[in-house]
Structures are given as structure tokens and as C-alpha cells.
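The values are calculated or read from the model by the stated rules, or taken from the named source; none is laboratory data. In this text, all values refer to a predicted model and were calculated from it rather than measured experimentally. Backbone-built Cβ (ideal geometry, glycine too); neighbour counts: all protein chains shown.
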Amino acid sequence: MEKVRKPDWLRVKLPIGQSYLNLREIVSKHKLHTICESGNCPNMGECWGAGTATFMILGNICTRSCGFCAVATGKPLKVDENEPFRIAESVRLMNLKHCVITSVDRDDLPDGGANIWVRTIQEIRKVSPATKFETLIPDFQGIWENLEAVIQAKPDLLSHNLETVRRLTKQVRIQAKYDRSLEVLSRAKQAGLNTKSGIMLGLGETEDEILETLHDLASAGTDVITLGQYLQPTPNHIPVARFVPPSMFEEWQLKAKALGFKYVESGPLVRSSYHAEKHIF
């Protein structure tokens, strides 16, 4: 397949500024992993420059090999039991009003990492009770008691990304299941949590499939939806089928709002955690 040329609207500014440098120093000093770095996020300069970041727990090696994701795949290291304390201390030092916590998939662990998730939430609340935060969680392989443990910790917003349409799920998210992801969101909503999901455009999906996916997410009670352009992180990942123009993202934003989502973030450079502080209500 011939490589599609990246359009001008996807150009981003290089990370600069004192806030960016300060945040990088804290992340380095406390040996933290951020999805901003591991996922090659195009908004890292903007977000870090504003003093915000998304922390990634449970290491930086994932047990899954999704075709879109830049995070390393392999055998993860032993769980760091001190990680919840280090994350919480960094949130305190940064004086964050809002943060996002995500993780790699840890299908190698009996609890899927749920214990570290719960302890991280508890530690942040202990040292920074005023901080609001979003938890961008995995599907825990559909082992619902592990999901329930995180739900019972009551994050301010529980997020789980569907990533793509039903037809492309097996190709894009090899070890994931479309309906299982919808059930994660549905169970969290039924438990009374605010919920969020995200999908990428430009993987070869049709407009009818995008609309079907939005309907499915709305039916699961999802409150917040993000839509962004898929960008191929390396030549070994799924190639971009097309670059969706900004005008189309504006149209999808209107269509999503008409379906009843409480907040819609839609644009070529939008990623799940982009403007995340606006997604908690």
C-alpha cells in the first residue's frame, strides 16, 4: 500500500517552555512512565507545556500487541509495589488539579493489575484529596471481579477506549473484543460512574460504521467521547488508510452531540487524554 502523505493540519510544535522542562524533570526523577512518551503522543508539547500529563502504571511493557499502539510488547517486569506511592507523590509535587492514570495490559497477572489500580487511586486521594482524576483502564480480559475492584474505588471518570469499529477490531486490537469493551463501559455506568471512550478515524472504517459505533457507545451509557486521527507510530504498525480533514471531525462532533453524549472532543490531533480536564463534570 502506498504511504499516505501527512497533511499540514497534523503538524505540531516542538515541546518547549519551563513548564514542560519542570514536568520532564519530575517524571524522570521519580522514574515514572507516561503514555505521552511511550505512545508518541503528538500533543505532548502542548500538554506538558501546560503542566499536565497522563501517567502509565504497571510498567511500560504490554502483554498485548495492538496494531496501532507504540507501547512496547513483551514480557513485563515484576510489579513495582511502590508505584502507587510514587505516582501520588508526583501528583502532589506537581500540584495537579486534574490527572489521568492509564496502564499497559497485564494479562500475565491473576488480577490484571487491579490491585495496583486501586492502591494508586487510594494514594492519590490520600495525599491530594482535591485532585480530580480519570482512570483509563484495560478490559481485564472480561474477568469482572477485577473490573469491579476498580469501580468500587470510584474514580471521578472511568475511561475505556473502543478504539475502532466492530469490523476492524480484530485487526486493530488483536486480543480485545468489541462487545467486551462495551460491557466494561456499561458495567461502570450501571455502577453510577461517569464514563468515557475514544475511537480513531483513518483506519479504513466507513461513515456508517462510525455512526454505528457512536450508537453502540451511547447505548452503553457513555458520557464522554473522543474522536481523533490515527497516526502510524512506526512502519511495523497498521498504515493510515486516509487522513480525515478537520471539517469532517466537526461534522462527527455534531452527530455525536445529537446522540446525547455529554461532552465530545473531536479533531485530527485529539487523543483520549487531550483536554481531559474538561471531561469531568
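How many residues, within the stretch 218-239, are assigned to a helix (DSSP H, G or I) and within 19 Å of the chain's Cα centre (by Cα)?
Applying the first criterion (assigned to a helix (DSSP H, G or I)) to the stretch 218-239 yields 218-219.
Among the residues that remain, those that are also within 19 Å of the chain's Cα centre (by Cα) are: 218.
Selection size over the stretch 218-239: 1.
What's the number of the only condition in (1) under 22 Å from Cys66 (Cβ atoms); (2) surrounded by fewer than 22 Cβ atoms within 10 Å (Cβ to Cβ); (3) in contact with a Phe, Trp or Tyr (Cβ under 7 Å, 6 or more places away or on another chain); (4) not β-branched (Val, Ile, Thr) that Phe243 fails to meet?
(3)
From the residues in the stretch 93-124 that are in contact (Cβ under 8 Å) with a residue 40 or more places away in the chain and among the small types (Gly, Ala, Ser), which one is surrounded by the most Cβ atoms within 10 Å (Cβ to Cβ)?
Gly113
On the basis of being farther than 23 Å from Gly267 by Cα, surrounded by 17 or more Cβ atoms within 10 Å (Cβ to Cβ) and either modelled with pLDDT under 75 or among the hydrophobic types (A, V, I, L, M, F, W, C) (or both), does Leu58 make the cut?
On the way: farther than 23 Å from Gly267 by Cα: yes; surrounded by 17 or more Cβ atoms within 10 Å (Cβ to Cβ): yes; either modelled with pLDDT under 75 or among the hydrophobic types (A, V, I, L, M, F, W, C) (or both): yes.
In short, yes.
Can you name the residue in the stretch 168-182 that is of a type outside the set (Lys, Arg) and crowded, with 17+ Cβ neighbours inside 10 Å and is also nearest to Gly260 (Cα to Cα) among such residues? Before the answer, list the steps.
First, the residues of the stretch 168-182 that are of a type outside the set (Lys, Arg): 168-169, 171-172, 174-176, 178-179, 181-182.
When the remaining residues are screened for being crowded, with 17+ Cβ neighbours inside 10 Å, the result is 168-169, 172, 176, 178, 181-182.
On the way: Leu168: 25, Thr169: 24, Val172: 27, Ala176: 26, Tyr178: 21, Ser181: 20, Leu182: 17 Å.
Checking each candidate, the answer is Leu182.
Only one of (1) aliphatic (A, V, I, L, M); (2) in contact with an Asp or Glu (Cβ under 6 Å, 6 or more places away or on another chain); (3) surrounded by fewer than 23 Cβ atoms within 10 Å (Cβ to Cβ) is not met by Ala130, so which one is it?
Of everything listed in (1) aliphatic (A, V, I, L, M); (2) in contact with an Asp or Glu (Cβ under 6 Å, 6 or more places away or on another chain); (3) surrounded by fewer than 23 Cβ atoms within 10 Å (Cβ to Cβ), Ala130 misses just condition (2).
Working only within the stretch 123-138, note down all residues that are assigned to a strand (DSSP E or B) and at pLDDT 90 or above. Steps first, please.
From the stretch 123-138, those assigned to a strand (DSSP E or B) are 132-136; that's our starting set.
Listed by number, the residues that qualify are Glu134, Thr135, Leu136.
Just one of (1) touching a residue at least 60 places away in the same chain (Cβ under 8 Å); (2) farther than 22 Å from Glu183 by Cα; (3) not charged (D, E, K, R) trips up Pro76, so point out which.
In the conditions (1) touching a residue at least 60 places away in the same chain (Cβ under 8 Å); (2) farther than 22 Å from Glu183 by Cα; (3) not charged (D, E, K, R), Pro76 misses (1) alone.
Can Glu148 be described as closer than 25 Å to Arg64 by Cα, at pLDDT 95 or above and of a type outside the set (A, V, I, L, M, F, W, C)? Please lay out each step first, then the result.
Details: closer than 25 Å to Arg64 by Cα: yes; at pLDDT 95 or above: yes; of a type outside the set (A, V, I, L, M, F, W, C): yes.
Answer is yes for this residue.
Condition (residue is closer than 25 Å to Thr54 by Cα, polar (S, T, N, Q) and part of a helix (DSSP H, G or I)) applied to the stretch 243-253: is it met by at least one residue?
There is at least one residue in the stretch 243-253 that is closer than 25 Å to Thr54 by Cα, polar (S, T, N, Q) and part of a helix (DSSP H, G or I).
One residue is enough: does the stretch 214-226 have a residue meeting the conditions under 17 Å from Leu168 (Cβ atoms), at pLDDT 95 or above and out of contact with any strand residue (DSSP E or B) (no Cβ under 9 Å at 6 or more places or on another chain)?
At the first step, the residues of the stretch 214-226 found to be under 17 Å from Leu168 (Cβ atoms) are 214-217.
Restricting the remaining residues to those that are at pLDDT 95 or above gives 214-217.
Those still in the list that are out of contact with any strand residue (DSSP E or B) (no Cβ under 9 Å at 6 or more places or on another chain) too: 215-216.
Checked against the condition, which is being under 17 Å from Leu168 (Cβ atoms), at pLDDT 95 or above and out of contact with any strand residue (DSSP E or B) (no Cβ under 9 Å at 6 or more places or on another chain), the stretch 214-226 yields at least one hit.
Can you tell me how many residues in the stretch 79-107 are on the phi > 0 side of the Ramachandran plot and touching a helix residue (DSSP H, G or I) at 6+ places or on another chain (Cβ under 6 Å)?
Filtering the stretch 79-107 down to residues on the phi > 0 side of the Ramachandran plot leaves 95.
If we keep only those that are touching a helix residue (DSSP H, G or I) at 6+ places or on another chain (Cβ under 6 Å) as well, we get none.
Of the residues in that region, 0 qualify.
Anything in the stretch 152-167 that is aliphatic (A, V, I, L, M) and either touching a His at 6+ places or on another chain (Cβ under 7 Å) or crowded, with 21+ Cβ neighbours inside 10 Å (or both)? List them, or say none. Before you say what the answer is, go through the steps one by one.
Step one: list which residues in the stretch 152-167 are aliphatic (A, V, I, L, M), which gives 153, 157-158, 162, 165.
Scanning the stretch 152-167 gives Leu157, Leu158, Leu162, Val165.
Being touching a residue at least 40 places away in the same chain (Cβ under 8 Å) and in contact with a Ser or Thr (Cβ under 6 Å, 6 or more places away or on another chain) is true for just one of Ser266, Ser273. Which residue is that? Please lay out each step first, then the result.
Working: Ser266 fails: in contact with a Ser or Thr (Cβ under 6 Å, 6 or more places away or on another chain).
Testing whether each residue is touching a residue at least 40 places away in the same chain (Cβ under 8 Å) and in contact with a Ser or Thr (Cβ under 6 Å, 6 or more places away or on another chain) leaves just Ser273.
What is the number of the single condition among (1) under 19 Å from the mean Cα position of the chain (by Cα); (2) in contact (Cβ under 8 Å) with a residue 24 or more places away in the chain; (3) surrounded by fewer than 21 Cβ atoms within 10 Å (Cβ to Cβ); (4) not in a loop (DSSP other than H, G, I, E, B) that His215 does not meet?
(1)
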